[in-house]
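Nothing in this text is a laboratory measurement; each read-out follows from the coordinates by a stated rule. It should be emphasised that the depicted structure is a prediction, and the values quoted were computed from it without experimental measurement. Cβ placement follows ideal geometry from the backbone for every residue including glycine, while neighbour counts extend to all protein chains displayed.
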Amino acid sequence: NIVNFNETLADDVLNIYKDNFTEIYEDRFLKYAQYFNNISYVYWDEEGVKGYCFFFAKPLFSASRMKKLCTVYSLAVDHKYRRQGIAEKLLRKSIREMELNGIDTVILYVEVHNESAIRLYQKVGFRTIGEVRDICSPGDRCYEMALDLSNDAEVSSIISEPSKAWWDK
């Protein structure tokens, strides 16, 4: 039931995005979805699109090697289909694909009051590495969470601090 994003699913995915977020960046959302369609997943069945999970990737360069970082750009499930494991399935599928493609670290940001999302992220292995403002939406506090896929001590040390400083490098 999980497929890569494609144009035929765009309207349904966009509707779920608009229903779930207050700050709407429709053009950026669709641009990322199209540009990163290999790592943009949609959960759908005969009833239609039920959720999506979009990522974007960025290489990080260090003295020893290049590291690959993916950031969860947006994850949402249609309110009618919540509590059915759809978000967890989308995340687990995405993480499997990232492992196969040598991604070292996955980062995401979640509002500090979104307890159900935080529990989900912890369940699949993310840990809180910091708190930031104005990333989820203007004025909001968000946790920055990371999942180390590399088992590399150097990568683990990077994600033990908030990534804002090294993200911009």
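Observations
- Annotation note: Cβ proximity below 8 Å between a residue of the range 112-131 that is free of Cβ contacts under 8 Å to residues at least 40 places away in the same chain and a residue that is surrounded by fewer than 13 Cβ atoms within 10 Å (Cβ to Cβ) and in a helix (DSSP H, G or I) (sequence gap 6+ or interchain) occurs for G130/K164.
- Of all residues assigned to the range 39-52, at least one qualifies as being in a loop (DSSP other than H, G, I, E, B) and acidic (D, E).
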